[in-house]
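Asker: Please find one structure pasted underneath; my questions will follow.
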Amino acid sequence: MRYDEGMPFLLQYENIARFTNGKVYILDRRIYPSVEFVECKTVQEVAEAIASMVTQSAGPYTAIGLGMALAAQEGMRDGKLQKHLEEGIQILSNARPTQSHRYRVIAIAASRAAKDALEGGADPVQVIVNQVYRSLQKRYKTMREVASHLMNLIPDGSTILTQCYAETVLGGMVVAAREQGKALKVICLETRPYLQGARLTASVFQDAGWDTTVITDNMVANVLSQGRVDTFTSAADTFSEEGWIVNKVGTLGIAQLARIYDIPYYVTGVPEQGIHTKDFQMEERNPDAVLSIGGVCHTKEGVKGYYPSFDIVPASLITGIVTEHGVFAPHQLEQYFSMEQSSFYE
């Protein structure tokens, strides 16, 4: 079976990114629900697409793998496979700093698969592409398990507040709610400056038939104070072993408000060992992005912008971390790490 079966358009494998006729095509999420794919002929173009937010959340994991297929393709053309694979790892791993450790794992796994394929007489490019889709299957299966544990915490009829675009876990929530027979409502933050919550998250839930509402990022306190939200949930771009997380800027403020109004905050994902809070790398993006929306500038010339991409959220503000193995208190992740772990990001 394909684990994207029955999921909304955005979560179909080929609508994330695909390798066709020697090129990589990545869905441009910056303009969705308009459907356009960005064509990438080189590894550098894939890295630039990731850096410029053509794809984000878990989308880059697929794009990184397919970018390595381009590297292998170039290496097979000029007989310098090792050289192009090493360059591909370097370029793609650094497309965005906050998740560079995950990108590197994916790129190295693709490089290893390509070299093994060549030694075994197989096509390195096709082997990488096949591995990318096997990895998608694995991630979707895992995130369905995560979402099922999350749905167990949320009573029928509840209203959920989301932050940004949590990719595969959203599809898992749709499937889990359907399997558990729950009718839920969702309030999606718009997520400036690229509006991922309004354009992506809201589209997923609307396509699935959920009662879906979008609010602006500065309406959270108003909505929570009225008792209109039962649960706040987000994914995490990075976990630390201490139970702290990095996620889209704005998450810290929402978590603080959720604590004030006694609303549980559940973080979903697959924590990783070896990362500590002191190791977090915080990404700042082009400040011009906050001065405009949709290509239209809303400030006078000379006005400056500031665009920190992520927040660090302390463990003390998190009710529980929801994983494929169940729900853990943030300060008890050692229990999670003691369980058998699979290589999620390859």
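Asker: Considering only region 299-343, state which residues are of a type in the set (Gly, Ala, Ser) and either part of a strand (DSSP E or B) or on the phi < 0 side of the Ramachandran plot (or both). Please lay out each step first, then the result.
Answerer: Within region 299-343, the first condition is being of a type in the set (Gly, Ala, Ser), and the residues that meet it are 302, 305, 309, 315-316, 320, 326, 329, 338, 342-343.
Across region 299-343, the qualifying residues are 305, 309, 315, 316, 320, 326, 329, 338, 342, 343.
Asker: Could I ask something else about it? Run residue 38 past the list (1) buried (at least 23 other Cβ atoms within 10 Å of the Cβ); (2) of a type in the set (Val, Ile, Thr); (3) part of a strand (DSSP E or B) and report the number of the one that doesn't hold.
Answerer: Of (1) buried (at least 23 other Cβ atoms within 10 Å of the Cβ); (2) of a type in the set (Val, Ile, Thr); (3) part of a strand (DSSP E or B), only one is false for residue 38: (1).
Asker: Right, next: Starting from residues that are in contact with a Ser or Thr (Cβ under 8 Å, 6 or more places away or on another chain), touching a residue at least 24 places away in the same chain (Cβ under 8 Å) and not in a loop (DSSP other than H, G, I, E, B), keep the ones in region 263-291 and report whichever is nearest to residue 223 (Cα to Cα).
Answerer: Here the answer is 265.
Asker: Would you mention how many residues in region 114-164 are over 19 Å from the mean Cα position of the chain (by Cα) and in a loop (DSSP other than H, G, I, E, B)?
Answerer: So the answer is 10.
Asker: Might you check whether a residue that is at pLDDT 95 or above and polar (S, T, N, Q) occurs anywhere in region 66-81?
Answerer: Yes, because at least one residue in region 66-81 is at pLDDT 95 or above and polar (S, T, N, Q).
Asker: Quickly run through region 31-51 and pick out the residues that are among the polar types (S, T, N, Q) and in contact (Cβ under 8 Å) with a residue 24 or more places away in the chain.
Answerer: Selection gives 42, 44.
Asker: Which one of 338, 292 is modelled with pLDDT under 95, touching a His at 6+ places or on another chain (Cβ under 9 Å) and more than 27 Å from residue 159 (Cβ to Cβ)?
Answerer: Details: 338 fails: touching a His at 6+ places or on another chain (Cβ under 9 Å).
Going through 338, 292 in turn, just one is modelled with pLDDT under 95, touching a His at 6+ places or on another chain (Cβ under 9 Å) and more than 27 Å from residue 159 (Cβ to Cβ): 292.
Asker: I've got another one for you. Check whether at least one residue in region 307-317 is among the polar types (S, T, N, Q), modelled with pLDDT of 95 or more and over 18 Å from the mean Cα position of the chain (by Cα), and report yes or no.
Answerer: yes
Asker: Residues to consider are 62, 98; find the one that is touching a residue at least 60 places away in the same chain (Cβ under 8 Å) and part of a loop (DSSP other than H, G, I, E, B). Walk me through how you get there before you give the answer.
Answerer: Numbers: 62 fails: part of a loop (DSSP other than H, G, I, E, B).
Unique residue meeting the criteria: 98.
Asker: Pairs needed: first member in region 169-197, of a type in the set (Lys, Arg); second member anywhere, surrounded by fewer than 24 Cβ atoms within 10 Å (Cβ to Cβ) and modelled with pLDDT under 95; C-beta distance under 6 Å; at least 6 residues apart or different chains.
Answerer: none
Asker: Return the pairs, sorted by first residue and then second, in which the second residue is at pLDDT below 95, the first residue lies in region 1-30 and is at positive phi, the beta carbons are less than 8 Å apart, and the residues are 6+ apart or on different chains.
Answerer: Qualifying pairs under 8 Å: 6/175.
Asker: Hey, another quick one. Just the residues that are within 27 Å of residue 86 (Cα to Cα), over 15 Å from the mean Cα position of the chain (by Cα) and of a type in the set (A, V, I, L, M, F, W, C), please, taken from region 1-36.
Answerer: 19, 24
Each row is one residue, and each column tells you yes or no for (1) outside the structural domain of residue 34 (by TED's automatic domain parsing); (2) over 24 Å from residue 58 (Cα atoms); (3) in contact with a Phe, Trp or Tyr (Cβ under 9 Å, 6 or more places away or on another chain).
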site	(1), (2), (3)
247	yes, no, yes
264	yes, yes, yes
274	yes, no, no
321	yes, no, yes
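Asker: Taking the residues in region 187-220 that are within 18 Å of residue 175 (Cα to Cα) and touching a Phe, Trp or Tyr at 6+ places or on another chain (Cβ under 9 Å) as candidates, determine which candidate is surrounded by the fewest Cβ atoms within 10 Å (Cβ to Cβ).
Answerer: 211
Asker: Being closer than 30 Å to residue 65 by Cβ and loosely packed, with under 15 Cβ neighbours inside 10 Å is the filter here; which residues of region 291-336 pass it?
Answerer: Answer for region 291-336, where residues must be closer than 30 Å to residue 65 by Cβ and loosely packed, with under 15 Cβ neighbours inside 10 Å: just 308.
Asker: In region 179-225, what count of residues is obtained for those that are among the aliphatic types (A, V, I, L, M) and either at pLDDT below 95 or outside any helix (DSSP H, G or I) (or both)?
Answerer: The total comes to 9.
Asker: Hey, another quick one. With respect to the numbered conditions (1) at pLDDT 90 or above; (2) in a loop (DSSP other than H, G, I, E, B); (3) not basic (Lys, Arg), which one is the sole condition not fulfilled by residue 253?
Answerer: (2)
The values are calculated or read from the model by the stated rules, or taken from the named source; none is laboratory data. None of these values were measured; they are calculated from a predicted model. Virtual Cβ from ideal backbone geometry, glycine too; neighbours counted across all protein chains shown.
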